[in-house]
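This report concerns only the one structure given below.
The values are calculated or read from the model by the stated rules, or taken from the named source; none is laboratory data. Bear in mind that the values here come from a model prediction, so they are computed numbers and not experimental data. Note that we place each Cβ from the backbone using ideal geometry, even for glycine, and neighbour counts take in every protein chain shown. Areas reflect the complete protein model, heavy atoms only, side chains present, ligands, DNA and RNA absent. Shrake-Rupley method; radii C 1.70, N 1.55, O 1.52, S 1.80 Å.
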Amino acid sequence: MRAVPAAIDDVLHRTIDGGGHVCVLTGAGMSAESGIPTFRGTHDSLWSRFDPMRLATAGAWREDPALVWGWYRWRMHRVREAQPNAGHRALAQLTRRVPLWLVTQNVDDLHERGGSTVDAHVHGNLFALRCFACGRAHEGPLDEYMDDAQRVEPMRCVACGDRIRPGVVWFGEALPEDAWTTAVDAATRCSLMLVVGTSGLVYPAAGLPALARRHGAVVVEINPELTALSADADHVWCATAAQALPLLAR
Ligand code: NAD
Ligand code: ZN
């Protein structure tokens, strides 16, 4: 792949020339080339026999907190070991060409480490630990990561003694209000929405491209596979994040 498809290049130029804004919506595929597994792609770990949809819920936590915390410790470890990829770095560069809002469903910190400011982490942040019961932020150090440990007893809250949970939004939970308001605002006001590496199955985030389109934006999807959003996108660019975004940022 050497160039941006002509129609997409055209839309980007029109956005820049018209003084418009870009909204970038990213999902797990954004971080795949950094070695962070997606939920619905191929799995490559000892956790592959577990279903993320069954681990990422408050019910799973109540039932078996050590299993869920072990999984999150493993995910946190993977993120700590990973580096931003060329796609993350390219988005930081793209902000120099065009005003851009960055809305991510990812709970890792690879956008930030790649040089971007994230406007909305709509599904929270792995490392923003808090108490499951009273919500108090956990400020102490993280417990030690034990390789291969599938079950890890969670740390305890210094205020109430309940367990410390990861700062992510679990299936069935409400999205953080500020992040969601920002995301809706960006989707409503952008002239171009780039949808990168999301399967488009997790609502309400998956509704943002349609919202942008209703408000007049052109929607461009970047994904090596077709998704639930492809049919409603104006342009589908079949490429990975690390292939496509550096071309757009040039
Ligand atoms: P998903 O796992 O449902 O879908 C991943 C999508 O990425 C697929 O459409 C796949 O075709 C695409 N993809 C795979 N490799 C790609 C690449 N190199 N470049 C571009 N696209 C690629 O992910 P989702 O839609 O984000 O929804 C899953 C939920 O899981 C989200 O809520 C998210 O918070 C969470 N999650 C986050 C991370 C992370 O923070 N890195 C990782 C896994 C899951
Ligand atoms: Zn507490």
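Normalised per residue, the accessible area of segment 15-122 is 41 Å², obtained with a 1.4 Å probe and no contribution from ligands, DNA or RNA.
Close amide-amide hydrogen proximity is noted between G124 and V169, each under 5 Å apart and 5 or more residues distant or on a separate chain (H modeled in the peptide plane; Pro and chain starts excluded). Of all DSSP bridge pairs formed entirely within the chain, close to 20 percent run antiparallel. Heavy-atom surface analysis with a 1.4 Å probe gives the chain a carbon and sulfur content of 49 percent of its accessible area. What translational D, rounded to a whole number of µm²/s, comes out for the chain from Stokes-Einstein when the hydrodynamic radius is the Kirkwood one over Cα pairs, at 20 °C and 1.002 mPa s? Approximately 114 µm²/s, per Stokes-Einstein.
Which order do D185, D148 take by accessible area at a 1.4 Å probe, largest first? It would help to have the intermediate numbers written out before the result.
Numbers: D185 65, D148 110 Å².
Output order, biggest surface exposure first: D148, D185.
The label-point distance for E144 and D51, in a model that sets each label 7 Å from Cα toward Cβ, rounds to 3.6 nm. Figure note: S199, S116 ranked by solvent-accessible area, largest first, 1.4 Å probe, ligands and nucleic acids not counted: S199, S116.
Pairs of alpha-carbon atoms within less than 8 angstrom and 6+ residues apart define the contacts here; what relative contact order does segment 46-112 have, in percent?
Details: 20 pairs, mean separation 18.6, N = 67.
Result for segment 46-112 is 28 percent.
If you place +1 on the Cβ of every Lys and Arg, -1 on the Cβ of every Asp and Glu, and leave all else neutral, what size is the dipole of the chain about its Cα centre, to the nearest 20 Debye? Using Cβ point charges on Lys, Arg, Asp and Glu, the chain gives about 160 debye.
Keeping every protein chain in place, order R54, R97 by accessible area at 1.4 Å, biggest value first, i.e. largest first.
Details: R54 180, R97 75 Å².
Highest to lowest solvent-accessible surface, that is R54, R97.
Under the √(5λ) rule applied to the eigenvalues of the Cα gyration tensor, what semi-axes describe the equivalent ellipsoid of segment 106-250? Give them in Å, descending. Let's see the in-between values first.
On the way: eigenvalues 228, 65, 39 Å².
Working from the Cα gyration tensor, I get semi-axes of 34, 18, 14 Å.
Adding -39500 (n - 2.57) for every DSSP H run of four residues or longer, then dividing by how many residues the chain holds, sets the calculated 222 nm ellipticity at -9000 deg cm²/dmol.
Using only alpha carbons, segment 1-117 has a radius of gyration to Kirkwood radius ratio (Rg to Rh) of 1.08.
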